1. Filtering region 607-624 down to residues that are in contact (Cβ under 8 Å) with a residue 60 or more places away in the chain and surrounded by fewer than 19 Cβ atoms within 10 Å (Cβ to Cβ), which residue is farthest from Ala752 (Cα to Cα)?
2. Among Gln172, Gln176, which is the only one that is among the polar types (S, T, N, Q), more than 24 Å from Tyr196 (Cα to Cα) and either outside any helix (DSSP H, G or I) or modelled with pLDDT under 95 (or both)?
3. Have a look at Ala912, Ala821, Ala905, Ala848 and point out the one that is at pLDDT 95 or above, among the hydrophobic types (A, V, I, L, M, F, W, C), surrounded by fewer than 23 Cβ atoms within 10 Å (Cβ to Cβ) and over 26 Å from Tyr777 (Cα atoms).
4. Considering Ala595, Ala580, Ala552, which residue is part of a helix (DSSP H, G or I) and not charged (D, E, K, R)?
5. So, in region 678-703, of the ones that are assigned to a helix (DSSP H, G or I) and over 29 Å from Asp760 (Cβ atoms), which residue ends up modelled with the lowest pLDDT?
6. Just to be sure I understand, how many residues within region 124-141 are among the β-branched types (Val, Ile, Thr), assigned to a loop (DSSP other than H, G, I, E, B) and under 15 Å from Pro192 (Cβ atoms)?
7. Please determine whether any residue of region 87-101 is farther than 19 Å from Tyr816 by Cα and among the small types (Gly, Ala, Ser).
8. If I filter region 213-223 for residues that are more than 26 Å from the chain's Cα centre (by Cα), crowded, with 20+ Cβ neighbours inside 10 Å and either assigned to a loop (DSSP other than H, G, I, E, B) or touching a residue at least 12 places away in the same chain (Cβ under 8 Å) (or both), do I get at least one hit?
Amino acid sequence: MPFHQNRSHPVPELHAVIEEYEDPKSGARHIHVRTDDPEMAFLVAFPTIPQSSDGRAHILEHMTLCGSARYPVRDPFFMMARRSMATFMNAFTYPDRTVYPFASQDKTDFYNLLGVYLDATFFPTLDYCDFQQEGWRLVWAQNKLSLQGVVFNEMKDAFTDPLRALDHGISQHLFQGTTYAVESGGDPLEIPELTYADLKAFHATHYHPSQALFMTSGRVDVAAVQDMIEDQVLSHFSGRAPRMLPALATPWSAPRTARIVTPAQEGKENEYGYQFSWLLGQAVDPSSFFRASLLEAGLLGDSSSPLMRAMESAGFGYPSSFNHLESGARQMVLHVGMEGLKKSALAKARAHIWSALEQAAITGVPSAMLKAALRNIRFDQREINGDDVPYGLHLLLSALPAAMLGGDIVDAFDVEPYLRTLDAEVEDPQFFKDMVKTLIDSPARLESTVYADAAFASRRAALEERRLAAIAASLTEAERTRIVQESADLLEQQRKVVNKDVLPRILPSAISPMAPPSLPVPDPNEQVVVLEVETNGIAYATILYDISDFSAEEWPWLNLYAGLVPQLGMAERGYEESSAWRQEMVPDFSIDVAASQPIAAGAPLQIFVEFSAKGLHDELQNIATVLLQSIAAPRFDEVERMAFLIDSHVQDVHDDLAVKGETYASLCATAPLSIHEHFKNVMEGVAGLPFYGLLRRQIQDESGIREIAEKLAAMHAKITASPAYIIVTAEAPSALSTLLAPAVSRPTRPLAEPETLPLDPPANTVLHAAAQVNHCYAAWPAPKLGHPDAPACAVLAEWLTNEVLHRAIREEGGAYGAGAAYDAMTGVFRMISTRDPRLLGTYADFDAAIASVLSAELTQESIEEAIICVIQNLDKPLPPYRHAMRSWSRKRMGITDQMRNQFRAGVLACTAIDVRLAAKAWLHGHTPSRCAFAGDTSTERGDMRVLHLAQLLE
């Protein structure tokens with residue numbers, strides 16, 4: 001075996017052993033995190049260090065997954081997504097590395113995926129047609145030249161995000177001359193400069209075993225993995241090159257200034273910002289990293305921190321949404337600034353922040369604040385999370401930069417020795433003051449004036465059009481013919497019938513007929529629910545109030561209530577003191593509003609306000625105290641504080657209209673079909689936007705804000721008088737539940753009969769905000785869980801995605817994503833496209849997809865692949881706390897394990913006839929509710945009406 005073990009290091013806090021291996025011949029490294037987790041994770045990572053913004057690393061990431069030497073089929077990645085029981089499959093491009101991770105609970109499946117990933121990354125075909133599809137291509141149609149490509153359109157959407165533009169603008173100055181100064185994802189204005197030859201050369205130099213890092217976690221057979229790596233990769237390569245490292249920023253001798261432009265929806269006078277950015281030490285140095293983390297926590301951690309307090313109480317502007325410690329690059333950066341400023345206030349904002357910083361160097365912060373920050377670091381390392389990314393894979397991705405950027409991998413996992421040193425150091429009042437003084441004296445400081453430009457997107461679109469016009473004017477007839485022929489060649493390849501037999505797969509016959517069981521939950525009407533779960537020494541507590549009888553007019557206020565109360569004072573404490581107190585008591589406190597739709601026909605929507613806190617097991621008393629006191633007496637008399645928070649939040653909503661375009665389109669389409677979706681649309685969708693406009697107008701005078709305060713105080717009284725439930729999840733939960741008992745001991749108001757709400761008519765709408773791409777949604781009413789057609793609808797959605805929509809809309813149409821989805825809980829079936837250059841053409845493809853399922857041959861293999869996709873989603877493991885809450889929620893909604901097993905059995909037994917009948921019954925001939933987000937009002941939209949999102953906020 002080529003790999004030699006260099007060391008083995010136990011980390012008790014993670015119940016893990018870190019094993020480090022290296023192949024002495026190639027220099028390839030393998031890090032294994034040995035745990036008892038049945039979910040097995042793998043990744044392979046390469047340093048990718050581009051020197052231009054042409055997107056080569058990002059496009060290469062896409063193309064490696066488009067076919068390889070052993071698997072010469074189009075898109076083996078997407079095909080394996082339907083032939084595997086993977087709990088996670090993806091690929092990520094960072095500014096200095098590219099990572100290919102997956103996870104599975106099935107041993108056979110794990111090694112199937114390992115073989116595909118190894119061949120894809122080291123031996124991709126890198127076909128020219130794939131370069132055109134995934135990267136960019138010129139298209140000549142209807143006597144007009146245009147640009148297309150999946151990454152090209154993906155990055156057009158990315159450039160609508162103001163924070164991304166700010167980050168890139170700052171990095172261009174801080175890291176001038178390094179890879180961090182370029183746009184690793186690709187700037188759409190520069191992507192067409194990338195040549196096919198450049199991309200292939202980039203792969204040859206960067207994707208070599210000498211640069212590769214392999215990582216695994218869970219119950220993985222290390223020897224078997226290394227044997228596969230040797231057989232399939234290492235034995236085919238020779239030579240060894242020095243490991244690539246991104247360059248450090250050139251040392252600064254004096255601070256610098258910059259002007260940065262970001263996208264905006266409207267050119268208002270208060271859309272300026274002022275931002276400080278400091279280059280700090282290397283992120284892989286644990287001592288530097290944890291000190292920088294304490295500096296961030298001390299200056300910006302909560303409303304009592306000196307810089308955050310100063311910015312929130314300035315009387316103008318707001319703290320920047322970009323205030324944070326950036327530790328993803330080789331060097332860390334601390335960002336501090338204000339936004340929402342008038343141009344005339346820029347100098348005042350700069351002086352205000354700097355004065356607060358100088359004062360912090362004199363007065364410091366309480367040691368309790370720094371001790372709480374250290375506690376939070378320990379908590380974050382221990383908590384088993386992983387909602388979107390499996391926990392084992394999350395550990396690997398978190399430690400990856402240390403291994404890639406020259407650090408000690410053990411230090412990325414075993415942090416306790418460094419934290420113990422800091423435990424002692426933070427006791428010294430001078431410790432924090434000295435860090436602030438060092439920051440003040442640092443020459444590596446960039447001060448940026450930030451201007452939000454409403455013409456940002458249109459200027460970029462106009463520049464693209466001018467370039468295309470110039471190219472079109474210079475094209476010869478032969479060149480136009482070549483462009484047309486290349487488009488035809490690409491379309492022919494996209495429509496080829498693929499022989500998938502070379503790819504491994506899991507068959508439905510190998511799948512367990514039983515669903516993973518829910519946790520045993522007592523009667524859901526019991527007021528105290530205690531769930532004993534292995535949580536790695538963390539306790540979770542939630543107090544829920546059943547407010548299902550709240551009227552629809554009260555719904556928008558719930559969102560405001562949940563957002564404001566955690567940022568207000570309590571009883572005799574003001575908001576600053578309350579914020580500091582909560583931080584010292586527990587790592588996390590939050591208020592959320594959750595809704596679920598019971599399965600029983602005609603059952604009303606269940607709505608809960610959830611007060612939640614979590615902490616280490618020795619903080620049970622703190623958890624209970626924070627929850628009970630936060631519920632007891634929030635300070636609705638802090639009217640100036642509320643006005644500031646509301647104004648800041650409404651501005652954030654305005655700034656993110658384009659960023660959230662996909663969410664708005666999705667909820668607009670589904671809200672007419674389901675009371676649950678209607679509720680979500682009011683809470684976080686288009687239906688809620690006028691409420692924010694009303695709030696902004698109301699806070700303009702004292703009487704208006706006092707009316708808001710009185711309304712929220714009355715709502716709080718009504719919420720906390722509602723029927724209450726306590727859910728405690730921990731390894732020994734009974735003590736915490738006893739401490740929380742007072743929350744359910746008071747009398748409660750009886751719930752009134754919830755009102756019956758008429759749903760809106762189906763949408764036929766285009767939502768507009770300034771951007772360059774579209775998101776298209778169409779939705780149909782569908783059966784719910786328990787209906788005989790529910791399993792077939794689930795399989796139908798996956799079949800449409802796999803066999804029709806992915807090819808037509810993503811591959812041929814150039815959208816970043818496309819598919820269908822079925823929700824058995826709400827009874828909604830939808831079709832989707834994201835980051836899409838088209839609109840009406842995509843809706844035509846939606847219609848064609850329905851016709852296709854009724855007329856095309858539904859092969860047994862395609863049905864089995866769709867079945868696997870459904871079971872994949874059903875079987876994804878949840879973190880302990882999420883599993884507990886999901887189990888309780890299922891019981892409340894009337895979903896039994898028997899119902900889940902019946903649905904699963906229906907999916908596993910589904911046939912082509914069932915799928916066709918479901919399409920005919922629920923989709924064919926039925927007019928969908930349609931809503932799209934369009935970044936350009938000139939986009940052809942047919943009979944769909946246009947709503948301007950910014951106007952809804954007025």
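The values are calculated or read from the model by the stated rules, or taken from the named source; none is laboratory data. The shown structure was predicted, so the numbers you read here are calculated from the model rather than taken from an experiment. Glycine also receives a Cβ, built like all others from the backbone with ideal geometry; neighbour counts cover every protein chain displayed.
1. For region 607-624, the residue satisfying everything is His617.
2. Numbers: Gln172 fails: either outside any helix (DSSP H, G or I) or modelled with pLDDT under 95 (or both).
So the residue among Gln172, Gln176 that is among the polar types (S, T, N, Q), more than 24 Å from Tyr196 (Cα to Cα) and either outside any helix (DSSP H, G or I) or modelled with pLDDT under 95 (or both) is Gln176.
3. Numbers: Ala912 fails: over 26 Å from Tyr777 (Cα atoms); Ala821 fails: over 26 Å from Tyr777 (Cα atoms); Ala848 fails: over 26 Å from Tyr777 (Cα atoms).
Ala905 is the lone residue from the list that is at pLDDT 95 or above, among the hydrophobic types (A, V, I, L, M, F, W, C), surrounded by fewer than 23 Cβ atoms within 10 Å (Cβ to Cβ) and over 26 Å from Tyr777 (Cα atoms).
4. Details: Ala595 fails: part of a helix (DSSP H, G or I); Ala552 fails: part of a helix (DSSP H, G or I).
Every option except Ala580 fails the conditions.
5. Among residues in region 678-703 that are assigned to a helix (DSSP H, G or I) and over 29 Å from Asp760 (Cβ atoms), the one modelled with the lowest pLDDT is Glu702.
6. Qualifying residue count, region 124-141: 0.
7. No, region 87-101 has no match at all.
8. Within region 213-223, the subset more than 26 Å from the chain's Cα centre (by Cα) is 219-223.
Of the ones still in play, those that are also crowded, with 20+ Cβ neighbours inside 10 Å are 220.
Restricting the remaining residues to those that are either assigned to a loop (DSSP other than H, G, I, E, B) or touching a residue at least 12 places away in the same chain (Cβ under 8 Å) (or both) gives 220.
Within region 213-223 (the criterion being more than 26 Å from the chain's Cα centre (by Cα), crowded, with 20+ Cβ neighbours inside 10 Å and either assigned to a loop (DSSP other than H, G, I, E, B) or touching a residue at least 12 places away in the same chain (Cβ under 8 Å) (or both)), the answer is yes, since at least one residue qualifies.
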